[in-house]
Amino acid sequence: MTDKTQSPTANAMWGGRFAAGPDAIMTAINASIGFDRRLYAQDIRGSRAHAAMLAATGIISPSDAEAIGEGLLTVLSEIEAGSFAFSEALEDIHMNVEARLKDLIGEPAGRLHTARSRNDQVAVDFRLWVRDQCDGAVQGCRALIRALLDQAEAGADWVMPGFTHLQTAQPVTWGHHMMAYVEMLGRDIGRFTDARARMNECPLGSAALAGTGFPIDRDATAAALGFDRPTANSLDAVSDRDFALEFLSAAAICATHLSRLAEELVIWSSAQFRFVAMSDRWSTGSSIMPQKRNPDAAELIRAKIGRILGAAVALFTVMKGLPLAYSKDMQEDKEQVFDAADTLMLALAAMTGMMSDLTVSRDRLEAAASSGFSTATDLADWLVREAGLPFREAHHATGALVAAAEARGVDLPDLTLAEMQAVNSAITGGVYAVLGVHNSARSRQSYGGTAPDQVRAQIARWKGVTEEWA
């Protein structure tokens, strides 16, 4: 969308500047109405605010402003009813709306575009739309956080294996694992909120690139559209797409978190783990293998990051190296943002549904937590605390005990005291108190640790946050 001040006339919209109209290919590459029609509500809202300001400052008459405002509401109702005829010949949403407005109210429609350009018009439309998407993403994250809190509260003391390198590391609790994703989503909310605050400046009134000579009131239009203030530099205002880049960056990080959780659901629901079972609502079957229960929703969420990250890379590439102010390249700023926003909202909603319906096997979690020598670190720590060994020596002794247990095909708690003392004579019967997985989890009382008391404290803190949202 570039600056085009002429009204639509016989030669598309260029008037007498060109003797011949664009051919079909030029029309196809130039038109954006196929996708920017999604901005209709924002475009009409911005135009109504602009018309009201023009009347308040005496630039147009109150009667013209009233006709424009009412006509725009009629256009809005036609679009929402599906009866509006979009025209590719009119190129974009702005000219489609304005042309229909002229059909409805006649001459006053031509005064709507006073003191503005399609450059600042599209900038305000797109900013309003992306601002709405930030709000939607925050709501989606909040819904998922509530589902995760329910899971965490139910399993605050359910032990499960904690993993590093996807190898059994130390026992943790199911609640602790769920709360890790709550923290991630909390940061996602912060990023969307911060991005929204930065983008909440109104470019309307910047005109093509240099501002306008009409005595407009930019503070009035900014306030009418819910912005904190007008943008301070007209060149920057019409050429800035940082707000879209920030939204895409935040969306890509959020989608990365969803992808990680989705991967764990895929692993945990496999026959080899059976930690969780997804409901039929989020699973599919196989066309030839009747025993299969495929976690397709989780797998699709796992893949969605590719589309969202790709959208971010695409827009960064479009904006790279563009001189001030507006260039037609920037018409390529919307489709990927539209797709990324749709993809993120769908992924958040699907993950919220899956986590709300998820069935967790406490017994399978505990059985897995008790295998793989998950309490080896607890044994090493005990040797430091109770036997006075330097940690490196305790680490070596524990490794020897793991090897002995592995050779016998048992876990550490199954070794006899005599077998342990054969490795280090300082070991006493008190060591068995730290070798159970529940004891191990309960011992991690440091702030942010996996001890059930710590997990419940974090759940309570986050529930307080969710009450503030309400």
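When every residue of the stretch 130-148 is checked against the conditions, none turns out to be in contact with a strand residue (DSSP E or B) (Cβ under 9 Å, 6 or more places away or on another chain) and either of a type outside the set (Val, Ile, Thr) or open to solvent by less than 10 Å² (accessible area, probe 1.4 Å) (or both).
Across the stretch 455-470, the qualifying residues are those that are at pLDDT 95 or above and aliphatic (A, V, I, L, M), and the one among them that is nearest to Thr173 (Cα to Cα) is Val455.
For the stretch 445-461, a residue qualifies if it is surrounded by fewer than 14 Cβ atoms within 10 Å (Cβ to Cβ) and of a type in the set (Lys, Arg), and exactly one does: Arg461. Elements of the type helices (runs of 4 or more DSSP H) sitting completely within the stretch 386-454 and holding at least 3 residues that are within 20 Å of Gln170 (Cβ to Cβ) and under 45 Å from the mean Cα position of the chain (by Cα): these cover 391-408, 432-435, 437-443. Considering the stretch 168-219, the residues that are within 19 Å of Ala262 (Cβ to Cβ) and charged (D, E, K, R) include one that is least open to solvent (accessible area, probe 1.4 Å), namely Asp188. Mind listing whichever residues of the stretch 140-181 are of a type outside the set (A, V, I, L, M) and without any contact (Cβ under 8 Å) to a residue 40 or more places away in the chain? Across the stretch 140-181, the qualifying residues are Phe163, Thr164, His165, His177. The set of residues from the stretch 149-167 being open to solvent by 10 Å² or more (accessible area, probe 1.4 Å) and either part of a helix (DSSP H, G or I) or of a type in the set (A, V, I, L, M, F, W, C) (or both) comprises Asp150, Gln151, Glu153, Ala154, Trp158, Phe163, Leu166.
Go through the stretch 296-351 and give me each residue that's of a type in the set (D, E, K, R) and open to solvent by 40 Å² or more (accessible area, probe 1.4 Å). Across the stretch 296-351, the qualifying residues are Asp296, Glu299, Arg302, Lys304, Arg307, Lys320, Lys328, Asp329, Glu332, Glu335, Asp339, Asp342.
Quick grid of which residues meet (1) in contact (Cβ under 8 Å) with a residue 24 or more places away in the chain; (2) crowded, with 17+ Cβ neighbours inside 10 Å:
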site: Gly430; (1), (2): yes, no
site: Val437; (1), (2): yes, yes
site: Ser443; (1), (2): yes, yes
site: Lys463; (1), (2): yes, no
site: Glu467; (1), (2): no, no
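Within the stretch 238-250, is there a residue that is of a type in the set (S, T, N, Q), under 16 Å from the mean Cα position of the chain (by Cα) and surrounded by fewer than 19 Cβ atoms within 10 Å (Cβ to Cβ)? Yes, the stretch 238-250 has at least one match.
When Ser77, Ser61 are screened for being within 35 Å of the chain's Cα centre (by Cα) and free of Cβ contacts under 8 Å to residues at least 24 places away in the same chain, only Ser77 passes.
The values are calculated or read from the model by the stated rules, or taken from the named source; none is laboratory data. The structure presented is a predicted model; accordingly, all values stated were derived computationally and were not measured. With ideal geometry, Cβ positions are generated from the backbone for all residues, glycine too; neighbour counts draw on all protein chains shown. Heads up: the accessible areas ignore ligands, DNA and RNA and are worked out on the full protein's heavy atoms, side chains in. Shrake-Rupley method; radii C 1.70, N 1.55, O 1.52, S 1.80 Å.
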